[in-house]
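Okay, structure first, notes after.
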Amino acid sequence: MNSVEPLDHRSESDVTRELLADARIGLTDSPKWLPPKWFYDARGSELFERITELPEYYQTRAEYEILERYALDIVERTGVDTLVELGSGSSYKTRLLLDAMRKHGAPKRFVPSDVSRSALRGALSALSADYPELELHGIVGDFATTLAVLPTGGERMIALLGGTIGNMPVEQRGGFLGEVRSSLVRGEWFLLGTDLVKDPSRLCRAYDDSAGVTAEFNRNVLHVLNRELGADFPVEEFEHRARYEQGRERIVLALRARRAMRVWLRVPELAVELARGEEIETEMSAKFRRGGVEAELEAAGFELAGWYTDEAGDFAVSLARAR
Ligand code: SAH
Ligand code: AVI
């Protein structure tokens, strides 16, 4: 039986408390930073969907191309009938896996999960209309919450698509992959999308598009803080910045204050001083190479069973099996 109402294990006050703790730590650090998961309120999720259609943002199209070509191969090799998706957003590309599962037998269960309730509800209502035979089980929550409450049974695969793993700081990735591994039993599957290292100028354009959508997406985190924490960030006084750090092979998004300012967060009182030109780092987006992905998966207790790329070699989907 399908349910378009996702399960939410958190209360509104849990979310506010967590946002406040993150803001307190990040905005009093040097340099200042905020975790990227706070981009994704309803507006942030809509802006992300617009990003996926930008001419400069090749990732979504590249991963779609990969899944169009290899989803059936992946499903035939794994025999999965239960798909769990972390950071599922619209689950648009994931339909290619569900379609392949349909061809191969029948998908039994799909468990999309996301911190964005609005994105998840939109995905669930579209999926329940298009896949009436599928058992849908949506979970609102972050990765750790979801992994702790995963349904058991069936031939399971966990998917993390879109290159979202690149948004985790490198120091957190090992722990996260270990949690994914611990939530699976030996022989179960993990499907991981990663954006690949490429020409820095292409990368910078992908994160600083000419229509300014990524800039709006980036500034959206300040709208979230203003609304949820009663803050008074003058959002338009922040300039969108995207730079590529060659040594660390990652894009860094930041918001740069156009003038010196003092910002108040009223839940509870916290004053944040910004100098003119000072930046708040809002997102890292790491770019990967095959050797690095394989080593990180191995270290977490997976073996790499498949490496699929698009024709241009821009993006990769790794199929990994729990050892
Ligand atoms: N998988 C989709 C969406 C990628 S955008 C795609 O490939 O197009 C990243 C998604 O991860 C967003 O929907 C966002 O709300 C979600 N997200 C970000 N941080 C998260 C976290 N810590 N836990 C769970 N979901 C998260
Ligand atoms: C979700 N994540 C993989 C995107 C990325 O490319 O790092 C988020 C994003 N940020 C700016 N544009 C897209």
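The numbers here are math on the coordinates, done by the rules we state, and not lab data. Everything numeric in this text was worked out from a predicted model, so none of it was measured. Ideal geometry is used to build each Cβ from the backbone, glycine not excepted, and the neighbour counts take in all protein chains shown.
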Using alpha-carbon coordinates, inclination of helix 290-299 to the longest axis of the chain, degrees: 80
Applying the gyration tensor rule to the Cα atoms of the stretch 162-280 (axes a ≥ b ≥ c; rounded if a/c under 1.5, else prolate if a/b exceeds b/c, else oblate), the class is oblate
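Sorted from fewest to most neighbouring beta carbons within 10 Å, what does the list Val293, Val111 look like?
Details: Val293 19, Val111 24.
With the fewest neighbours first, Val293, Val111 line up as Val293, Val111.
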Give the long-range amide H neighbours of Ser88: residues separated by 5 or more places, or on another chain, with amide H under 5 Å away, using H modelled in the peptide plane at 1.01 Å from N. Ser113, Asp114
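Relative contact order of the stretch 19-98, please, whole-number percent, based on alpha carbon pairs below 8 angstrom and at least 6 residues apart. Can you show the working numbers first?
Numbers: 29 pairs, mean separation 17.3, N = 80.
Relative contact order, the stretch 19-98: 22 percent.
Provide the gained length on full extension for the span Val267 to Cys204, in nm with one decimal, where the gain is 0.36 nm per separating residue minus the Cα-Cα distance.
Going from the current span to full extension adds 19.1 nm.
How much of the DSSP bridge set in the stretch 188-323 is antiparallel, in percent, rounded to the nearest 5? Before the final figure, lay out the partial values.
Numbers: 35 of 36 bridges.
The antiparallel proportion sits near 95 percent.
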For Ala42 and Glu311 in the same chain, what is the full-extension length gain: residue separation times 0.36 nm, less their Cα-Cα distance, in nm? 93.5 nm
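Can you show me the helix-derived [θ] at 222 nm for the chain, built from DSSP H runs with n ≥ 4 at -39,500 (n - 2.57) apiece and divided by the number of residues, rounded to the nearest 500. Could you put the intermediate results ahead of the total?
Details: 10 runs with 124 residues, N = 323.
Rounded to the nearest 500, it is -12000 deg cm²/dmol.
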For the Cα atoms of the chain, what angle does the longest principal axis make with the long axis of helix 94-104, in degrees from 0 to 90, nearest 10? 0
Please arrange Asp195, Asp130, Asp142 by counting, for each residue, the other beta carbons lying within 10 Å of its beta carbon, fewest first. Asp130, Asp142, Asp195
Could you work out how far the C-alpha centroid of the stretch 256-323 sits from that of the stretch 52-71, in angstrom? 19
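If each residue's Cβ is checked for other Cβ atoms within 10 Å, how do Thr60, Thr28 rank with the fewest at the top? Numbers along the way, then the final one.
Working: Thr60 22, Thr28 11.
So the ranking, lowest neighbour count to highest, is Thr28, Thr60.
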Among Glu65, Glu311, Glu179, which one shows the biggest mean-square fluctuation in a GNM of the chain, springs joining Cα atoms closer than 10 Å? Glu311
DSSP-defined beta bridges in the chain - what % are antiparallel, rounded to 5: 60
I need to check one value: relative contact order of the chain, counting alpha carbon pairs closer than 8 Å and at least 6 residues apart, in percent. 22
For the pairs Lys93/Lys198; Lys32/Lys287; Lys37/Lys198; Lys93/Lys287; Lys103/Lys287; Lys37/Lys93, flag any whose C-alpha to C-alpha distance is greater than 29 Å. Lys103/Lys287
Using only Cα atoms, tell me the angle between helix 42-51 and the longest principal axis of the chain; keep it within 0 to 90° and round to the nearest 10. 70
